[in-house]
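The structure appears below as structure tokens.
The values are calculated or read from the model by the stated rules, or taken from the named source; none is laboratory data. Keep in mind that what you see is a predicted model, and the values were worked out from it rather than measured. Methodologically, a virtual Cβ is constructed for each residue, glycine included, from the backbone with ideal geometry; neighbour enumeration extends over all protein chains shown. With ligands, DNA and RNA removed, areas are computed over all heavy atoms of the protein, side chains included. Shrake-Rupley method; radii C 1.70, N 1.55, O 1.52, S 1.80 Å.
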Amino acid sequence: MADVSARRLTLSDASEALILYNELTVGPPAHNPAAFSMVLDHPGTQVLGVFCERRLASMLTLHLLPNVLWNARPYGVIENVVTRRSHQRLGYGRIVMQAAIDAAWDANAYKIMLMTGQGRGATGFYETLGFTSKDKFAMVLRRA
């Protein structure tokens, strides 16, 4: 795995990305390349992925959002972090997360936020990357 690195995904990666989105969610299946294209085209948003033998092994979405506070420095939101089940615990998630962290810091973001499902068991993984839940409390409102 010495030559593995993360890169920004493009529309040509849509079929692989949709496979991973469907491993992530228990909601309606992701099957729309046009929706993936809209995410890729959104200003301040990038989808990063790590490949293993031409298969997308891990990916996430990083949103960099403008801000008035903190000297107008942006903040990052990481969403839809997923590693292919067959590639979990092999370091791909760490590589893609570090790429997102580096991209946010390169954009002069003052913080990066993410949420993880309580039942997913990923809290320890995010803590090893420096994330903490000590000073913030996440809340979610979902539309029915």
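What residues of the stretch 124-144 lie in the reach of a label at Met113, counting those whose backbone N is under 11 Å from a point 7 Å from the Cα along Cα→Cβ?
136-140
Positive end of the charge dipole of the chain (Lys, Arg +1 and Asp, Glu -1 on Cβ, about the Cα centre): tell me which of Val140, Phe51, Ala17 has its Cα farthest that way.
Farthest towards the positive pole: Val140.
Could you check the simple spin-label distance between Lys134 and Arg55, using points 7 Å along Cα→Cβ, in nm with one decimal?
4.0
Specify which residue in the list Thr123, Val68, Ala109 is farthest towards the positive end of the charge dipole of the chain, using unit charges on the beta carbon of Lys, Arg (+1) and Asp, Glu (-1), about the Cα centre.
Towards the positive end, the residue furthest out is Thr123.
Using a 1.4 angstrom probe on the protein heavy atoms only, line up Phe51, Phe125 by accessible area, largest first.
Most to least solvent-accessible, the answer reads Phe125, Phe51.
Where in the chain are the DSSP H helices whose alpha-carbon span along the long axis reaches 18 Å or more and whose Kyte-Doolittle mean is at least 1.0?
Details: long enough: 92-106 (21 Å, 0.31).
The qualifying helices: there are none.
Using the Cα centre as the reference, give the magnitude of the dipole from point charges on the C-beta atoms of the chain (Lys, Arg: +1; Asp, Glu: -1; all else neutral), rounded to the nearest 20 debye. Don't skip to the end; give the middle numbers.
Details: 15 positive and 11 negative charges, 72 e Å.
Dipole size: approximately 340 debye.
Given a 1.4 Å probe, how much area per residue of the stretch 21-134 is accessible, in Å²? Kindly include the intermediate steps, with their values, before the conclusion.
Numbers: 6880 Å² over 114 residues.
Per-residue accessible area for the stretch 21-134 comes out at 60 Å².
What residues have an amide H closer than 5 Å to that of Leu9, excluding those fewer than 5 places away on the same chain, when H is modeled at 1.01 Å from N in the peptide plane?
Val47, Leu48, Gly49
Is the shape of the chain best called rounded, prolate or oblate, per the rule: a/c under 1.5 gives rounded, else a/b larger than b/c gives prolate, else oblate, with a ≥ b ≥ c the square roots of the Cα gyration tensor eigenvalues?
Details: a/c = 1.31, a/b = 1.28, b/c = 1.02.
Since a/c stays below 1.5, the shape of the chain is classed as rounded.
Using a 1.4 Å probe and ignoring any ligands, DNA or RNA, find the accessible area of Ser5 and quote it in Å² to the nearest 10.
80
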